[in-house]
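*Asks:* Have a look at the structure that comes next, please.
The values are calculated or read from the model by the stated rules, or taken from the named source; none is laboratory data. Quick caveat, the model's predicted, so the values are computed rather than measured. Here Cβ is always computed from backbone atoms with ideal geometry, including for glycine, and neighbour counts include all displayed protein chains. Just so you know, the surface numbers come from the protein's heavy atoms only, side chains and all, with ligands and any DNA or RNA stripped out. Shrake-Rupley method; radii C 1.70, N 1.55, O 1.52, S 1.80 Å.
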Amino acid sequence: MLKQDPTDHQENLLNGYPPLKLVNRKTENEQTIVQVAGVKFGGVDIVVIAGPCSIENKEQLWAIGNSVKNSGARILRGGVYKPRTSPYSFQGLQDDGLKLLSWIRNEIGLPVVTEVMDPRKLELVCQHADMIQIGSRNMHNTPLLNEVGQIRKPVLLKRGMSATIDELLFAAEYIVKLGNNQVVLCERGIRTFETFTRFTLDISAIPLLKRLCHLPVIVDPSHGSGHWWMVPWLSKAAVAAGADGLIIEVHHDPAKALCDGGQSLLPEKFQTLMTDLKALAQVMGRKISTSEN
Ligand SMILES: [Mn+2]
């Protein structure tokens with residue numbers, strides 16, 4: 001049990017509520033390290049994942065993949081199965097996108113993370129990706145959680161846009177219960193009454209999840225705001241609040257992006273952010289993960 005502050009009026013959070021068995025933090029120093037092709041989440045290093053919302057074509061993936069790698073991203077993101085609100089919106093390149101994912105991974109040498117929505121695609125995606133993302137819309141999809149619990153690949157579990165903290169922790173518990181303890185949690189914004197931002201990024205979720213649970217916690221400031229110009233501010237806020245990593249959308253031509261252009265950073269803006277994050281991480285007693293580690 002964590003050493004408790006006598007003024008802590010939320011002791012129930014540390015005394016077995018929510019009633020988790022595996023992902024709850026039992027001692028102050030307990031911390032799971034999640035490894036993605038040698039990149040470690042949960043230690044001193046802060047891991048930055050970056051890339052396009054969706055993989056659109058070879059040229060786009062090449063341009064963005066190289067630029068984010070050169071700026072210091074350790075893992076490349078890229079969606080191939082896109083959960084879109086409208087069935088008439090671009091749904092991703094689907095299976096064809098997986099081949100591009102394998103191609104870029106071999107070309108630039110960065111591990112890749114991509115989302116799986118359909119359990120029937122999991123085996124195929126595992127052949128191409130280093131980390132499997134469960135998106136916000138699927139956090140409550142228990143058949144999918146049960147499937148990723150049985151694989152031996154790290155999982156990026158995003159908080160449902162209307163999910164409470166305990167619902168997120170229980171979703172993680174589903175995965176870990178089946179033997180896969182390589183789970184990274186991701187705060188990505190929740191639905192509130194505010195409409196200027198796409199979602200409201202819940203910064204308080206970071207220290208809360210870190211206190212309740214021993215899994216690494218990362219933040220998605222791109223979906224968390226919906227506005228590219230907010231992304232650097234929210235990225236820095238996340239690092240200041242104790243995040244173990246960030247996942248950021250970057251596009252070389254946001255105006256022409258097939259998905260989420262308005263929240264994607266230009267490569268040069270991402271580069272500036274990485275420089276700022278290095279200085280901030282140091283103040284926080286941490287550092288931005290680099291390939292030299
Ligand atoms: Mn997106």
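*Asks:* Yes or no: region 118-137 includes at least one residue that is within 14 Å of the ligand (Cβ to nearest atom) and either more than 17 Å from the chain's Cα centre (by Cα) or part of a helix (DSSP H, G or I) (or both). Break it down stepwise before answering.
*Replies:* Within region 118-137, the first condition is being within 14 Å of the ligand (Cβ to nearest atom), and the residues that meet it are 133, 135-137.
Checking which are either more than 17 Å from the chain's Cα centre (by Cα) or part of a helix (DSSP H, G or I) (or both) leaves us with 136-137.
Taking every residue of region 118-137 in turn, at least one turns out to be within 14 Å of the ligand (Cβ to nearest atom) and either more than 17 Å from the chain's Cα centre (by Cα) or part of a helix (DSSP H, G or I) (or both).
*Asks:* Please determine, by comparing only the residues of region 257-279 that are part of a helix (DSSP H, G or I) and polar (S, T, N, Q), which one is farthest from the ligand (Cβ to nearest atom).
*Replies:* By that ranking, first place goes to T275.
*Asks:* Still on this structure: Tally up the residues in region 27-48 that are surrounded by 11 or more Cβ atoms within 10 Å (Cβ to Cβ) and either modelled with pLDDT under 95 or not small (G, A, S) (or both), please.
*Replies:* We begin by selecting, within region 27-48, every residue surrounded by 11 or more Cβ atoms within 10 Å (Cβ to Cβ); these are 30-37, 39-48.
If we keep only those that are either modelled with pLDDT under 95 or not small (G, A, S) (or both) too, we end up with 30-36, 39-41, 44-48.
Total satisfying the criteria: 15.
*Asks:* Starting from region 53-65, take each residue that is in a loop (DSSP other than H, G, I, E, B) and list its partners that are within 13 Å of the ligand (Cβ to nearest atom) and open to solvent by 40 Å² or more (accessible area, probe 1.4 Å), counting only C-beta distances under 7 angstrom and pairs at least six apart or across chains.
*Replies:* Listed pairs, sorted by first residue: E56/L258.
*Asks:* What number of residues within region 66-95 are away from the ligand (no atom under 15 Å from the Cβ), in a loop (DSSP other than H, G, I, E, B) and touching a strand residue (DSSP E or B) at 6+ places or on another chain (Cβ under 7 Å)?
*Replies:* 3
*Asks:* Of the numbered conditions (1) closer than 30 Å to R84 by Cα; (2) more than 21 Å from the chain's Cα centre (by Cα), K26 fails exactly one; give the number of that condition.
*Replies:* It fails just one condition, (1).
*Asks:* Sticking with this one: For region 74-104, give me each residue that is open to solvent by less than 30 Å² (accessible area, probe 1.4 Å), touching a residue at least 60 places away in the same chain (Cβ under 8 Å) and within 24 Å of E292 (Cα to Cα).
*Replies:* The answer is R77, and nothing else.
*Asks:* Now for a separate question. Which members of region 183-214 meet the condition of being surrounded by 18 or more Cβ atoms within 10 Å (Cβ to Cβ) and touching a Phe, Trp or Tyr at 6+ places or on another chain (Cβ under 9 Å)?
*Replies:* V184, R188, G189, I190, listed by residue number.
*Asks:* So, one more: Looking at (1) hydroxyl-bearing (S, T, Y); (2) open to solvent by 10 Å² or more (accessible area, probe 1.4 Å); (3) closer than 25 Å to S162 by Cβ, find the lone condition where T114 falls short.
*Replies:* It is condition (2) that T114 fails.
*Asks:* Looking only at region 235-256, count how many residues are of a type outside the set (G, A, S) and either away from the ligand (no atom under 15 Å from the Cβ) or over 16 Å from L273 (Cα atoms) (or both).
*Replies:* Within region 235-256, the first condition is being of a type outside the set (G, A, S), and the residues that meet it are 236, 239, 244, 246-254, 256.
So of that shortlist, the ones also either away from the ligand (no atom under 15 Å from the Cβ) or over 16 Å from L273 (Cα atoms) (or both) come out as 236, 239, 244, 252-254, 256.
Within region 235-256, residues that are of a type outside the set (G, A, S) and either away from the ligand (no atom under 15 Å from the Cβ) or over 16 Å from L273 (Cα atoms) (or both) number 7.
*Asks:* Then there is this: Find the residue count for region 96-117, including only residues that are touching a helix residue (DSSP H, G or I) at 6+ places or on another chain (Cβ under 7 Å) and in a helix (DSSP H, G or I).
*Replies:* Here the count works out to 4.
*Asks:* Still on this structure, please answer the following. Within region 215-227, how many residues are open to solvent by 10 Å² or more (accessible area, probe 1.4 Å) and closer than 15 Å to M274 by Cα?
*Replies:* If we filter region 215-227 for residues that are open to solvent by 10 Å² or more (accessible area, probe 1.4 Å), which is where we start, we get 223, 226-227.
Cutting the leftovers down to closer than 15 Å to M274 by Cα gives us none.
Counting residues in region 215-227 that are open to solvent by 10 Å² or more (accessible area, probe 1.4 Å) and closer than 15 Å to M274 by Cα gives 0.
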